[in-house]
1. Can you confirm whether B:Asp35 is free of Cβ contacts under 8 Å to residues at least 60 places away in the same chain and farther than 24 Å from A:Gln17 by Cα?
2. Working carefully through the options B:Leu9, B:Leu25, B:Leu57, find the one that is farther than 30 Å from A:Asp53 by Cβ and surrounded by 17 or more Cβ atoms within 10 Å (Cβ to Cβ).
3. Could you tell me which of the residues A:Ser19, A:Ser12 is more than 9 Å from chain B (Cβ to nearest Cβ), in contact (Cβ under 8 Å) with a residue 12 or more places away in the chain, of a type outside the set (Lys, Arg) and over 30 Å from B:Ala22 (Cβ atoms)?
4. Among (1) open to solvent by 20 Å² or more (accessible area, probe 1.4 Å); (2) within 18 Å of B:Tyr30 (Cβ to Cβ); (3) part of a helix (DSSP H, G or I), where does A:Gln17 come up short?
5. I'd like the full set of residues that are within 7 Å of chain A (Cβ to nearest Cβ), within 18 Å of the chain's Cα centre (by Cα) and not in a helix (DSSP H, G or I), limited to region B:23-82.
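The values are calculated or read from the model by the stated rules, or taken from the named source; none is laboratory data. Just so it is clear, the model here is predicted, and its values are computed rather than measured. Cβ placement follows ideal geometry from the backbone for every residue including glycine, while neighbour counts extend to all protein chains displayed. These accessible areas exclude ligands, DNA and RNA; they are computed on the full protein's heavy atoms, side chains included. Shrake-Rupley method; radii C 1.70, N 1.55, O 1.52, S 1.80 Å.
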Protein chains: 2
Amino acid sequence: MKARVFVTLKPSVFDPQGSTIAEALHSLGYQNVADVRQGKYFELDLDVASEQDAEQLASEVASRVLANPVIESFRVELVDAGVRS
Amino acid sequence: MKARVFVTLKPSVFDPQGSTIAEALHSLGYQNVADVRQGKYFELDLDVASEQDAEQLASEVASRVLANPVIESFRVELVDAGVRS
């Protein structure tokens, strides 16, 4: 079963990488891009039997390894099963 | 209008970062995580009138700036409007 994990900086945390991308886009003429926030994206291939197990495993891995819970938040999505948490 | 852009390495391209994460997870006891692929994730805040304009602008920005089309593919999703391309 596949899971997608999106890790983003919390809204209160300044994102210099995103700001730099936004400035670069403005200088290229894309004035309509008001703001950019950059995050990380992971596709996990999980050897589990149920959707519930997949969700639990992906959330545990995300909070323990993939994201830094102090400054980042994450979202887990099971592929072909809608948004889960 | 908000758009999300997901950039991933093409399936034929080796992903050393993802492999390293998978090995780290195995050494932490997460044997059920068979494989990991890492990608990039962008949230764009767009000043456009229609969904069609948002999709077009996000796709153009993604292919010109955010992704390297030689080794990466991207997917654009409009927030609250389902998957678009």
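1. On the way: free of Cβ contacts under 8 Å to residues at least 60 places away in the same chain: yes; farther than 24 Å from A:Gln17 by Cα: yes.
Yes; evaluated as a whole, the condition is true for this residue.
2. Numbers: B:Leu9 fails: farther than 30 Å from A:Asp53 by Cβ; B:Leu25 fails: farther than 30 Å from A:Asp53 by Cβ.
Answer to the selection: B:Leu57.
3. Numbers: A:Ser12 fails: in contact (Cβ under 8 Å) with a residue 12 or more places away in the chain.
Result of the check over A:Ser19, A:Ser12: A:Ser19.
4. The one condition A:Gln17 does not meet is (2).
5. B:Asp35, B:Val36, B:Arg37, B:Gln38, B:Gly39, B:Lys40, B:Tyr41, B:Phe42, B:Glu43, B:Leu44, B:Asp45, B:Leu46
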